[in-house]
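All remarks here apply to the structure that follows.
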Amino acid sequence: MTSLAVLREELGLYPAPRLADGQPAWTLHDPVKNQFFQLDWPSFEILSRWHLRQPAEIAAAVSQDTTLTLAEADVLRLQDFLKQNQLLQPSAGQARELAARLQRQRGSVWTWLLHHYLFFRVPLLRADRLLGWLAPRLSALFSRRFLGLTLIVGLLGLAGVLRNAEAYAGTLVDLFSWQGLAAYGMTLAAVKLAHELSHGLMAKRFGCRVPTMGVALMVLWPVAYTDTTEVWKLPRARQRLAVAGAGIGAELVIAAWATAAWLWLPEGGLKTAAFLLSSTTWISTLLVNASPFMRFDGYFLLSDAVNMPNLHARAFALARWQLREMLFSLGEPAPEAFSRRKTLALVAFAWGTWLYRLGLFLGVALLVYHFFIKAVGIALFGIELVWFIAAPVASELKAWWARRDRIHPRRGLLLALPLLALVLLFVLPLPGRVTGMGQHP
């Protein structure tokens, strides 16, 4: 039998938090791409004996040395995974295959432009040395004593705002002007800088490297980011949660002290600045960063809290599977086995994410249309309609077509008729009457 391919020598293997079912886990690091892969117990035991090079021999060794029972097919499946992610040393004459795979991943020029319109990053700062210098000097801000004091100040501030709600709301209305919006923009930029610095500082406290900080453009909307990918090397889930929640924590600290300062400061520029910090931070934290539907802090907090890496992708796969089963009763196995309650929760989360993203991106396009260049707004609307609606629908229809031999004709007809009616509703002109009131001159 052909020997297994050789693993790349620079790969790193680190202990990881236990999986949801209690089994131990490890993280495999590809330093070239800076990618991390979570491995379960059987995969780790196979990799530990990869030097044996024979699938049958590795499976037998694992079955003999542990309580696991593996077969040769398990070893070959892991090799396929490693090959797909280019974690094996390339063999002689494989350059053409690797080049073709890279071209397929890049796609066409239009695909590249579309992807980079929807999302791309602009690194602005190599932050690791700066964060390493700041971390020990700002350690007091991460102490329990300071956080406890902040909690007390924040509660007092919120209580004071509730008693002075009319004055607080009046200040918000007074700042609805171009000057006020500019002040909000500068305040938001300062808050986001503190937010990203907090992610980096917390990662440095746990010994992680933070290579870059910068701005990501999501549908042309700027969003600050900090590269804390190395938190996947951390062995405890609580450490990852701390890094993921550091940004929101920093914003809440700013909001607490700024809210209290607005109450205690006399009228003037400092009081206005405190109000800007307070209102901007509360709104941005609750409406943006805490949302789990985009890949912001709320998503990573939820993913780490339920111990489900790649939460979006796994929930989407489960929702597509359930949709096919509801429509066609194909009897296919689920992508992953969960309890009924957890399956329903993940499916609901997937549909909620799809609807949220659809509304968000179409809303951005409509804002551009109404307040900036109408031609650009129309183009954005069309692109997002194709990317977020037409492309996923076409992909799912392709999956249905691949299963057409197993779909009962009656079910197919019952599904095709409503789809046809929906298409005709949007395509065919419908008769109607427009009435109005007028006045003769």
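Just so you know, all these numbers are worked out from the coordinates, no wet-lab data involved. Just so you know, these numbers come straight off a predicted model, no measurement behind them. So basically every Cβ, Gly included, is an ideal-geometry build from the backbone, and we count neighbours across all protein chains shown.
Taking just the alpha-carbon atoms of the stretch 112-301, what radius of gyration and Dmax come out, in angstrom?
17.6, 54
If r is the Cβ-Cβ distance from R53 to A189 and R0 is 51 Å, what FRET efficiency results, to the nearest 0.05?
0.40
Would you kindly derive the ³J(HN,Hα) couplings of the stretch 319-334 from the backbone phi angles with the Karplus curve 6.51 cos²θ - 1.76 cosθ + 1.60 (θ = phi - 60°), listing them in order in whole Hz, with x for Gly and Pro?
So the J values, rounded to whole Hz, are 5, 5, 4, 5, 4, 5, 5, 5, 7, 10, 6, 6, x, 6, x, 5.
For the stretch 183-258, how big is Rg over Rh, using alpha carbon atoms and the Kirkwood form of Rh?
Taking Rh as the inverse mean 1/r over Cα pairs, Rg/Rh reads 1.00.
Determine, from the Cβ-Cβ distance of L7 and M326 and an R0 of 35 Å, the FRET efficiency 1/(1 + (r/R0)^6), rounded to the nearest 0.05.
0.25
Quick one: which residues, 5+ away or cross-chain, put their amide H under 5 Å from the amide H of A224? H built at 1.01 Å from N.
Amide H neighbours of A224: A216.
Label-point separation (nm) for R126 and V393, each offset 7 Å from Cα along Cα-to-Cβ?
4.9
Give me the one-decimal nm value for the distance between modelled label points at K271 and N85, 7 Å along each residue's Cα-to-Cβ direction.
5.7
Suppose each label sits 7 Å from its Cα in the direction of the beta carbon; what would the R403-L156 distance come out to in nanometres?
A separation of 6.1 nm, rounded to one decimal place.
Plugging the Kirkwood radius over Cα pairs into Stokes-Einstein for the stretch 12-89, at a temperature of 25 °C and a viscosity of 0.890 mPa s, what D comes out in µm²/s?
188
Do me a favour and compute the ellipsoid semi-axes for the stretch 239-323 from its Cα gyration tensor, root of five times each eigenvalue, largest one first, whole Å.
Sorted largest first and rounded, they come to 37, 13, 7 Å.
Show the residues, 5+ positions off or on another chain, whose built amide H is closer than 5 Å to the amide H of A5.
Long-range HN contacts for A5: none found.
Can you give the extra length, in nm with one decimal, that the chain gains between R144 and A305 once fully stretched, where that is 0.36 nm per residue apart less the Cα-Cα distance?
Here the answer is 55.8 nm.
For Q35, what residues show an amide H to amide H distance below 5 Å, using hydrogens built from the backbone and excluding near sequence neighbours?
D30
Full extension from D30 to A345: what is 0.36 nm times the residue separation minus their Cα-Cα distance, to one decimal in nm?
110.2 nm
Would you please give the FRET efficiency between L134 and A313, computed as 1/(1 + (r/R0)^6) with r the Cβ-Cβ distance and R0 = 25 Å, to the nearest 0.05?
For L134 and A313, the calculated efficiency is 0.10.
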